[in-house]
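The values are calculated or read from the model by the stated rules, or taken from the named source; none is laboratory data. This structure is a prediction, so every number in the text was calculated from the model and none was measured. We place every Cβ from the backbone using ideal geometry, glycine too, and count neighbours over all the protein chains shown. When the accessible area is computed, the model is the full protein with side chains, heavy atoms only, and any ligands, DNA or RNA have been set aside. Shrake-Rupley method; radii C 1.70, N 1.55, O 1.52, S 1.80 Å.
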Amino acid sequence: MSARNRALESSNRLATALHEEEVPVAENFHQGTAARNQHPHATAATREELWARAEALAFRLSAELRMPVRLAVTDNRSTMVSFRRSATALQLRLHHMFLDAPEPVVRAVADYAGRGNRLAGGLLDDYIRGQQPRIRQERHAAEADLEPRGRCFDLQVMFDQLNRVFFHESIQARIGWGRMPPRRRRKSIRLGVYDHQTREIRIHPGLDRPEVPSYFVEFIIFHEMLHQLFPSSNGTGRRVHHPRAFRDREKAFPLYAAALRWERENLNLLLRG
């Protein structure tokens, strides 16, 4: 769940399931030169091939958008496309399935990430669904296991209580604290994520401190639990992460208004991590 900060218009992501952990395969920056950051487990031949294909894809996107494209190719299990746009360049992260995507899909990436055309997300969703066998299911060793106990809050205790009171213990998911991201100035923060493939909930570790009220942490957990009941949809031609039924059910949280108010009044605190 993102803190309600409207500066998100320059940063967005399309995902089959939301997940913070990203595993880089290769990176390329098309602006006359190229830089490499290959996946450590790839063979030398594979690294060279990945770099060449990433360079070709970055060139196609750059030519389509008429601007520099910084491309990172990942082996993520869930987030297939993410990006950050500026007036002078596009920073783009793509799953390796896009390295040999057909031309219409490449144009859809350019439209969605480079031009902000949300309707192109439907075509990308269709392509991703057709490439499911290429998405790894197992974890890499670098992806830490879930740990629900924090310094201030035990997420498992909170999850079990919410599951019993509001969901008749029907939510089947594991929960834990996410990894602390690098310290940097940011305009938005993702307070919680739910991974549909692994049925895992990760809560931002910035919430594990005494100045954050327990009811707000519970609200974030409650929000992520709802994602299991109300998956994202494409019914209107664009991806909807929080359909009307989701929002209506979310209001059943007893301190719903207080949680939103605390989030709004403490946004700067959350962004500082």
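Available extension along the chain between Ala245 and Arg272 is 6.5 nm, counting 0.36 nm per residue and deducting the alpha carbon span. Distance from the alpha carbon centroid of region 158-177 to that of region 92-121 works out to 36 angstrom. Estimated at the nearest 10 Å², the accessible area of Glu55 is 70 Å² with a 1.4 Å probe. Within the assembled protein chains, the solvent-accessible surface assigned to Arg129 is about 130 Å², based on a 1.4 Å probe. With both labels modelled 7 Å from their Cα along Cα-to-Cβ, the Glu49 to Ser214 distance reads 5.5 nm.
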